[in-house]
Structures are given as C-alpha cells and as structure tokens.
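Asks: So that we are looking at the same thing, I have put the structure below in structure tokens.
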Amino acid sequence: MNSHNLLDAALRSLDREDWLQLHQWLACPLHHQHAPSLALFQWIADWYTVNKDLPPKELQPKDWADHGLSNLQFRKYRSLLLESVERFLAWKVWNSREDTLSNDLLEAYHLRNQTQSLQKRVRRDRKRFDQYRYRDSIALYAEFRREEIMLSLETNIERRSIKPFEEAEFRLLRYQIAERLRKAVATLARSLTSGQAIETPLLNEYLSEIERNTALLTEPAIALYYHACKLYLQPKKNIGADHFQKLTELLPQALNLFTPAEQTFLLKLTINFTIRRINREPEPSMLRTAFDLYQLGFKNERLYEDGYISVFTFNNFIGISLRLNEISVASDFIESMRDQLAPERRRETLAFNEARLYYAKGESSQALLRLQGIDYQDPFDLLNARMLQIRIYYEAGENQALYDLLRATRALLRRRQLGYHQDNFRNNLRMVQKLLRLKWNDKAALDKLKQQIISTKPLSEKEWLLEQMG
C-alpha cells in the first residue's frame, strides 16, 4: 500500500471527535507547520462532510489544479499530511494511557533532577493507579517502571530498607509473566492453525511459576492468558476443560480492563478455539458459549476489522445461531448488519447466509435460488455453499445432481490447500457418499455407518448426517 492509500486508510479510521481534534492538531504550529497540507486536510474534510466519503486520491483541490500544481508536488503534500496524521494517531494512543503519560512525567522530573517533585508524584501515582481501568501487561510494566524510578530515590533516603527492592522485583515479575504469556498464546494459536510446531522459549518455566505462586492469577493479564495457554497447549477434546470454563467465565468480567485492541485479540483467541472445538464435536454447551462470546464482541464493538465485520465472523455467527435454533436472532442480525460487511464481499456473503436462513425455515427451494449464480471469491465460502446444496439435493432426492456436485467438490478439494479444514470437508463428502450407498434394510451396515459418523473428526455435518439416519 503506498502513502496515498495509507492516508485514506488513516482518515477512514477517524470518528467525528478525531476529525475535530486532528484539525486542532494540524492548526497548531507546535505539531504542524506546513500550510499546504493543512489546506489539503481542510479540503478533504469539507469533501467528506458533503459526500460522506473521501475524494479520489489523485483529485486535487480546484484552485490547485487551476494553477497547474504537478502530480509529484501534490503527492508530496499528501505525504506530509500523512506524517502529521500518523503523529496525531500516536499521540492519541499515548494520551489515552494515563499510566504511560504519568511515567513520562516522572522520567522528565528524574532527568531534571527534581527530587522533591518526583517523590510527591510517585506517591500520588501509587494511590491513583491502584484503581486504574486497564490491567494489561502495559499497565503492569508501568507499575514496575514507577517503582524502579522511586527506587533510585529510596535507596538514597532509606539505605537499610529492602521493601522497595522487593516491590520492584515483584512488579517486574508480574509484567514479565503477563507479557510472556500474551506473546506465547499468539504463537501457540498460530502453530495450531498452521499445523507446524513453533518454539516458545521458557514458557513452561513461566507456567510452573504461576502454578507454584497462584496469587499471580489475581492479575487478569496473567489469569486470562494462563488459561488460554493451557488450552492451546492441549487443544484436544476434554483436555483442559477446567481452563476453558475459567477462561470463558473470566473474560466477560475482565474484558474492559484491557485496551480495545487487546479486547479484540482476547475475544478472537477464545472464539477461534471454541470454533475448532465445535468443528470437532458440536456440543450444545460449546455452541452456546460461542454464541455468547460473539454477542459480547458485538455489544462491545470489538469484532470489526478495518471498520467492517469479517466474512468469517458473519458466517460463523449465523451458523451457530441457526444450529441453536435462534432463527429470529440470525434474521435480525443479517438485516441489521448487512451494511457492516465490506462492499467487495457483501453480495456473496448475504446470499449464502440468506440461503442458510431459508433452509432453516424449511424453504429449501428459496435457499437453492439464493445459492445459485453467485461467484464466490473465497474457497471456504464456495465449499460451505456447496455443502448446503448437498443437503438440499439429498433431502429432495435429486441424486444425479447430488452425484455431479459431489464429484465437482472433490475435484475442487484436490486443487486447494485448506489446512485443517481440508480434512473436515473431505470427511463430510465421504460420509454423504456412504449415506447414498447405504442399504437401509441392512441393520448391521446402518449401525456401522452411524458409529463411523459419530467417531469421525472433524465432521461439521455430523448432526445433519445422523438426522438422516433417523
């Protein structure tokens, strides 16, 4: 992405208050001294107010174009504006972290050798940040850094006291453990998705320290990631069930103690693990947990990517809602959230999910109409749409159309590499073929196939297959 698109992406991320603050930022010579790029911003803001969108990136203000401003010079103005916008975004983050801002003030007093001011501010901050809203690893680091700054004073004032040393050491330990677990769980999740082992140095040592000193689990930034690590280290069914329960119980209580970005990470981390479990064994309790997690994410507006709900999130929530027979929830969600899908994927995603909704209501012919004529850009969407068509053809007794579709879908799978999803789709197709060949008057064969369906993993169509067998 070039700088022109970076500028548009940055501006699209702003809300109304951000636009007003950015204008003040650019108008202040302390932050920005380039008059043409300030004029460019004002022109873009006026255009956005009228048209509800940004101007085309190559379009110049009319007076500039009339005076023959070169494209090269115009791109330079946009680049200079981008630099100031990015500084503004960085300032917004810094300004939102009261603990970080406060520590920078302490550093300033420390560098200027203002001992008395430093002592007063550290003592004030110790009390003030006991109830600070964020309890993530950055907050733990800020606590440690505050104690470390104070340590340089107290070692001169109270030479015989060991308390400040112990306090600083303990706060450092909490930060190190929280940060190690946060990074480790991201690595473990990536390892599970890719199917490749990735080393996580010293993770077991940190986990052992937590299990030795369970008081560390009172820190949400440690507890949530500890339970997540244990899950991702032991991803199979029924292993780590206690950790899963504790994680999903603690997450709604502690979510607001983390920054918005980390809230999104925690929610997606837990939801993705839950979805994998559902794909292996769709237990009603697991479906309900995933449903509640999605609802929590939508309520807090934490499941958006670049301002849109991802196709993966949209499809999964509709699928889970329908499996729980929450048909009205699914219908309302499709209607209210259709504009929250990215425009380039909106048509196919809505068509697929409207087809699922029709199918759940027993209107298979309408579902089939919605599935036909859509050019699916994503292989997962195409395969999921075909699995729904396979259901409809089987239930309607359209065996020739079904055989043709099975053959075409097997060929598609041979051409694609879909990670752990590959086995799921292959197993689904294999079991449908077995169902087609089944001799229904042969009880032994029927029982054998039923057991195969029950024991096969992953198998997302397991419930439907068993329903067809009565």
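Asks: In whole Å, what is the distance between the alpha-carbon centres of segment 253-315 and segment 326-404?
Replies: 22 Å
Asks: For segment 41-94, just the Cα atoms, rotate onto the principal axes and tell me the three extents in Å, largest first.
Replies: 41, 26, 14
Asks: Still on this model: Expressed as an acute angle from 0 to 90° and rounded to the nearest 10, what is the orientation of the C-alpha long axis of helix 260-280 relative to the principal long axis of the chain?
Replies: 20 degrees
Asks: Counting Lys and Arg as +1 and Asp and Glu as -1, each charge on the Cβ, what is the dipole of the chain about the Cα centre in debye, to the nearest 20? List each step's numbers first, then the result.
Replies: Working: 69 positive and 61 negative charges, 256 e Å.
Around 1240 debye, computed over the chain.
Asks: Send over the per residue convex hull volume for the chain, Cα only, as a whole number of Å³.
Replies: 196 Å³
Asks: Let me ask you something else. Report the one residue of Leu435, Leu402, Gly419 whose Cα lies farthest in the direction of the positive end of the charge dipole of segment 395-470 (charges on C-beta: Lys and Arg +1, Asp and Glu -1; origin at the Cα centre).
Replies: Of the options given, the answer is Gly419.
Asks: So what is the diffusion coefficient of segment 178-268 in µm² per second by Stokes-Einstein at 37 °C and 0.692 mPa s, using a Kirkwood Rh over Cα pairs? Mind dumping the intermediate values first?
Replies: Details: Rh = 13.5 Å.
Translational diffusion coefficient: 244 µm²/s.
Asks: Mean 1/r over all different Cα pairs, inverted: what Kirkwood radius does segment 259-333 give, in Å?
Replies: 12.5 Å
Asks: List the relative contact order of the chain as a percent without decimals, with contacts defined as Cα pairs under 8 Å and 6+ residues apart. Don't jump to the answer; show the numbers that get you there.
Replies: Working: 375 pairs, mean separation 41.4, N = 470.
Computed over the chain, the figure is 9 percent.
Asks: Okay, next question. Counting pairs of alpha carbon atoms under 8 Å apart in space and at least six apart in sequence, what relative contact order in percent does segment 339-423 give?
Replies: Numbers: 46 pairs, mean separation 16.9, N = 85.
With pairs under 8 Å counted, the relative contact order is 20 percent.
Asks: Would you kindly give the portion of the calculated P(r) for segment 36-168 that falls above 26 Å, as a percent of all Cα pairs? Spell out each step's value before the answer.
Replies: Values: 4295 of 8778 pairs.
Pairs farther apart than 26 Å: 49 percent.
Asks: Would you mind working out the accessible area per residue for the chain, using a 1.4 Å probe, and quoting it in Å²?
Replies: Values: 25230 Å² over 470 residues.
In whole numbers, the chain has 54 Å² accessible per residue.
Asks: Over segment 370-468, what percent of the accessible surface lies on carbon and sulfur atoms, probe 1.4 Å? Let's see the in-between values first.
Replies: Working: 2380 of 5370 Å².
Result for segment 370-468: 44 percent of the exposed heavy-atom area is carbon or sulfur.
Asks: Filter the cross-link list Lys299/Lys457; Lys57/Lys183; Lys299/Lys361; Lys230/Lys450; Lys268/Lys448 down to pairs whose alpha-carbon distance in this structure exceeds 30 Å. Walk me through the numbers on the way to the answer.
Replies: On the way: Lys299/Lys457 33 Å; Lys57/Lys183 37 Å; Lys299/Lys361 27 Å; Lys230/Lys450 33 Å; Lys268/Lys448 38 Å.
Violating the 30 Å Cα-Cα cut-off are Lys299/Lys457; Lys57/Lys183; Lys230/Lys450; Lys268/Lys448.
Asks: Let me ask you something else. Only four residue types carry charge here, +1 at the Cβ of Lys and Arg and -1 at the Cβ of Asp and Glu. Report the dipole size of segment 46-199 about the Cα centre in Debye, rounded to the nearest 20.
Replies: Details: 30 positive and 24 negative charges, 76 e Å.
Charge dipole of segment 46-199: 360 debye, to the nearest 20.
Asks: Do any trypsin sites (Lys or Arg not before Pro) in segment 176-252 lie in a loop, going by DSSP, with at most 10 other beta-carbon atoms within 10 Å of their beta carbon, and if so which?
Replies: Values: sites: Arg180, Arg182, Lys183, Arg190, Arg212, Lys230, Lys236, Lys237, Lys246; in loops: Lys236, Lys237.
Listed in order of number, the matching sites are Lys236.
Asks: Now for a different question. Compute the helix-to-body angle for 163-194: its Cα long axis versus the longest principal axis of the chain, expressed 0 to 90° and rounded to tens.
Replies: 30 degrees
Asks: Could you work out how far helix 16-27 tilts from the main Cα principal axis of the chain, as a 0 to 90 degree angle to the nearest 10?
Replies: 40 degrees
Asks: Here's a follow-up. Which whole number in µm²/s is D for segment 198-347 by Stokes-Einstein, with the Kirkwood Rh taken over Cα pairs at 25 °C and 0.890 mPa s? Walk me through the numbers before you get to the answer.
Replies: On the way: Rh = 16.6 Å.
D, rounded to a whole number, is 147 µm²/s.
Asks: May I pose another question? Where does the chain land at 222 nm, in deg cm²/dmol rounded to the nearest 500, when only DSSP H runs of n ≥ 4 count, each adding -39500 (n - 2.57), divided by all residues? The partial results should precede the final answer.
Replies: Details: 23 runs with 348 residues, N = 470.
Helix contribution divided over all residues of the chain: -24500 deg cm²/dmol.
Asks: While we're on this one: Which Cα, out of Val311, Tyr141, Ala35, lies furthest along the positive dipole direction of the chain (beta carbon charges, K/R +1, D/E -1)?
Replies: Val311
Asks: For segment 279-387, state the semi-axes of the equivalent ellipsoid (square roots of 5 times the eigenvalues of the alpha-carbon gyration tensor), sorted largest first and rounded to whole angstrom.
Replies: Working: eigenvalues 84, 65, 34 Å².
In descending order, the three semi-axes are 20, 18, 13 Å.
The values are calculated or read from the model by the stated rules, or taken from the named source; none is laboratory data. Worth saying up front: this structure is predicted, and the values here are computed from it rather than measured. Here Cβ is always computed from backbone atoms with ideal geometry, including for glycine, and neighbour counts include all displayed protein chains. Just the protein is used for accessible areas: all its heavy atoms, side chains included, with ligands, DNA and RNA removed. Shrake-Rupley method; radii C 1.70, N 1.55, O 1.52, S 1.80 Å.
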